[in-house]
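All of the numbers you see were taken from the coordinates with simple rules; none came from a lab. Just so we're clear, the structure is a prediction, and the values are computed from it rather than from any experiment. As a convention, Cβ positions derive from the backbone with ideal geometry for all residues, glycine included, and neighbour counts pool all protein chains shown.
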Amino acid sequence: MNTDAVLRINNLHVHYQTPQGAVKAVDEVNLFVGRGERFGFVGESGCGKTTTALAILQMIQYPGKIVAGEILLEGKNLVELNAEEMRRTRWREVSLIPQGAMSSLNPVMRIKDQIADAILTHEGRSARTGLNQRIEDLLVTVGLQRPVAQMFPHELSGGMKQRVCVAMAIALKPKLIIADEPTSALDVVVQRIVTQTLIEVQERIGASLILIGHDMGLQAQIVHRLAIMYGGHLVEMATVKKIFQAPQHPYTQVLIGSVPSPKTKKSPFALPGLPPALLNPPPGCVFHPRCAKALEMCRTQVPPLHEIQAAHFVACHLYR
Ligand SMILES: Nc1ncnc2c1ncn2[C@@H]1O[C@H](COP(=O)(O)OP(=O)(O)O)[C@@H](O)[C@H]1O
Ligand SMILES: [Mg+2]
């Protein structure tokens, strides 16, 4: 295991309590993110990506609850912090570009006031000195012009709004930035440009980045390592190269098979069946009902995440 991890998640379980029972949105997740690393977090809609991100920031809302696990940010267990300690940690040490971030900008506030709010909330009133200059510098860092500071969200394009969200996430130079599908609402060209900006600023401040998305092809060009999530479980984690050249988990193999490739001209393969209902997940391996290689034990025993080769982790009975 990488010892110089900025983030280490051990045995995380997050449930949403509903009248029908507990939705097991995150079930036994283990992962680590290295210093300066770009880490991709992939899986189909509803598999628990956003819940994991919100858990890291201690922003899970009722009826959600972290029921077990540790989230260590440079050794500090965020799960145990009180509200005030977490407020000081958020944005300063770990920041989030939330899913649908650009629609979360306040429509009746100028951009500079929104960024100022974020900075003042976390640094206190002493940050007022030189604040306007600092905000304009931040905007320039993310590729916007200084006059954008005076504008309202409706005067900006989608790509520009997303850059404002990137600016807010880096304002306090956190060690870890989590970007939850930061470009999924943008068209393909703008997607690339905004992602490029995100990478540039991440490298400039020396932060680690968790990039959440469902597009394996896009992720492969950006991140160093990938974690694949299915039905609340982390099923595989390795370098992009290993995931693409030698995917081990049957679900990852399907995902890789469904990335369109101009070289092979193969048509994407669609996985039969439905994603699991996390209210009543299947017993054993959560993927077994859709798995072509399922063994008898897969129906009853949950496969733990296991290091099958150096730095290649898989949760599958085929490799035990
Ligand atoms: N407030 C909630 N109440 C009940 N279930 C929820 C709530 N929020 C999310 N979930 C469920 O948790 C699971 C994971 O959701 P989410 O983390 O948003 O997935 P992703 O980001 O991968 O699409 C889904 O099955 C979703 O329906
Ligand atoms: Mg999500």
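In what order do Thr239, Thr89, Thr129 fall by count of nearby beta-carbon atoms within 10 Å, going from fewest to most? Don't skip to the answer; put the middle values down first.
On the way: Thr239 14, Thr89 18, Thr129 8.
With the sparsest Cβ surroundings first, the list reads Thr129, Thr239, Thr89.
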Item to complete: Taking a cut-off of 15 Å between Cα atoms, list the aspartates and glutamates near Lys112, but don't count ones fewer than 8 places away on the same chain.
Response: Glu136, Asp137, Glu155
Practice prompt. Along each of the three principal axes of the Cα atoms of region 211-320, give the extent in whole Å, ordering the values from largest to smallest.
Written response: 39, 31, 24
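With the convex hull built on the Cα atoms of region 116-274, state its orientation-averaged projected area in nm².
On the way: hull surface 47.1 nm².
Mean projected area for region 116-274: 11.8 nm², to one decimal.
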Worksheet entry | Under-5 Å amide H pairs with Ile210, H placed in peptide plane, nonlocal only | Phe39, Ile177, Ile178, Ala179
Response to the item:
If Leu172, Leu295 are placed from fewest to most neighbouring beta carbons inside 10 Å, the sequence is Leu295, Leu172
Worksheet entry | Long-range HN-HN contacts of Val67 with modeled amide H, under 5 Å | His13, Val14, His15
Discussion item. Can you give me the distance in nm between label points at Arg125 and Glu307, each placed 7 Å from the Cα along the Cα-to-Cβ direction?
Written reply: 5.2
Fill in: Kirkwood-Stokes translational diffusion coefficient of region 1-42, alpha-carbon pairs, 10 °C, 1.306 mPa s, µm²/s
131
Worksheet item: Can you give me the relative contact order of the chain as a percent, contacts being Cα pairs under 8 Å and 6 or more apart?
Response: 21
Worksheet item: Share of Cα-Cα pairs in region 110-193 beyond 20 Å, in percent?
Response: 33
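To the nearest 500 deg cm²/dmol, what mean residue ellipticity at 222 nm is calculated for the chain from DSSP H runs of n ≥ 4 alone, each contributing -39,500 (n - 2.57), summed and divided by the residues? Each step should come with its number before you reach the end.
On the way: 9 runs with 89 residues, N = 320.
Mean residue ellipticity, 222 nm, calculated: -8000 deg cm²/dmol.
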Worksheet entry | Dipole moment magnitude, nearest 20 debye, the chain about Cα centre, only Lys, Arg, Asp, Glu C-beta charged | 420
Worksheet, complete the sentence: With x for Gly and Pro, the residue-by-residue ³J(HN,Hα) of region 10-25, computed from phi through the Karplus equation 6.51 cos²θ - 1.76 cosθ + 1.60 at θ = phi - 60° and given in whole Hz, is 10, 6, 7, 10, 10, 10, 9, 7, 10, x, 7, x, 7, 8, 8, 6
Discussion item. How much of the pair distance distribution for region 5-306 lies past 31 Å, counting alpha-carbon pairs only, in percent?
Written reply: 32
Worksheet, complete the sentence: Between the alpha carbon centres of region 144-187 and region 278-302 the gap in Å comes to 41
Item to complete: Output the peptides 113-122, 14-23 sorted from most to least packed, where packing is the average of other Cβ atoms within 10 Å over each peptide's residues.
Response: 113-122, 14-23
Response to the item:
Simple SL model, points at 7 angstrom along Cα→Cβ for Arg87 and Phe152; separation in nm is 3.0
Practice prompt. List every residue whose amide H lies under 5 Å from the amide H of Ser258, counting only residues 5 or more places away in sequence or on a different chain, with H placed 1.01 Å from N in the peptide plane.
Written response: Phe269
Worksheet item: Where the centroid of each part is defined by its Cα atoms, how far is region 7-45 from region 92-121 in Å?
Response: 25
Worksheet item: With a 10 Å Cβ neighbour count serving as the proxy for reagent exposure, in which order, fewest first, do Val140, Val201, Val42 appear?
Response: Val140, Val201, Val42
Worksheet item: How long are the three semi-axes of the equivalent ellipsoid of region 14-84, in whole Å, if each is the root of 5 times an eigenvalue of the C-alpha gyration tensor, listed from largest down?
Response: 22, 17, 10
Worksheet item: In nm, to one decimal, how far is the Asp117 label point from the Ile199 one, both placed 7 Å along Cα→Cβ?
Response: 3.3
